[in-house]
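The values are calculated or read from the model by the stated rules, or taken from the named source; none is laboratory data. This structure is a prediction, so every number in the text was calculated from the model and none was measured. A quick note on method: Cβ atoms are made from the backbone with ideal geometry, for glycine too, and the neighbour counts reach across all protein chains shown.
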Amino acid sequence: MTQAQWHRFRPTAYAAIIGSVIFALIAMCHPDTVFLFAIVIAPLLILISIGSIIWLIQEAVANRYEQFLPTIGMLAVFWAASMSLFFYERGHPFELHETAKWLARSKYYKSEVFARPESPTELKHIGWDMSGFAGMFNNTVYLVFDPADTLSTAAKSGQPGKFEGIPCKVRVVRRLESQWYAVLFYTDEYWGACK
């Protein structure tokens, strides 16, 4: 790529890098901070997209059509990343955060679960994630080790229910890997303290 080509392509490349970094940061953030996406990051991405559209129109007026494809590609990446956050998080509000967390530190979390004492009636678990507001509307996710993989059916169906080895009825069971599950309880319910 020549210097002149890079100069024309540079704004698109920088914008795509910024969008990718923002998406990765959102994935690693705690679910309670995702509201930042709605009030800070989404408007920022929209402004960058609007600026890119204006820039694209200026390029078209100046008859530099070679910028259409990279700019349209960058806009598509921005909008796809934004929309994927809304659709990915819809069924299970911790899903994106859990995936990033599990990929980064699953060995650590496994050792925490295995350090817990055995129970004849309950699956091994730890409190893994939580969101809420000032002690109200708390949503708790537990990391659960299921050696028999009995929760796999619940994870596939996506249906709420009461499952063996878990004392409360749960909203969602999500499989992280074989024998490891993220279990989202209903709001303000905790392991062993069901309503």
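Side notes on the structure shown:
- The stretch 153-181, residues that are closer than 25 Å to Lys107 by Cβ and touching a Leu at 6+ places or on another chain (Cβ under 6 Å): Gly165, Val172, Val173, Tyr181
- Once the stretch 113-148 is narrowed to residues that are acidic (Asp, Glu) and in contact (Cβ under 8 Å) with a residue 24 or more places away in the chain, the residue that is nearest to Tyr186 (Cα to Cα) is Asp129.
- Where strands (runs of 3 or more DSSP E) fall wholly inside the stretch 116-195, the ranges with 3 or more residues that are surrounded by fewer than 18 Cβ atoms within 10 Å (Cβ to Cβ) are 124-133, 136-145, 169-177.
- Taking the stretch 50-66 as the range and being under 19 Å from Ala76 (Cα atoms) and at pLDDT below 65 as the test, the residues that pass are Tyr65, Glu66.
- Single residue of the stretch 82-101 satisfying the filter (assigned to a helix (DSSP H, G or I) and surrounded by fewer than 17 Cβ atoms within 10 Å (Cβ to Cβ)) that is modelled with the lowest pLDDT: Tyr88
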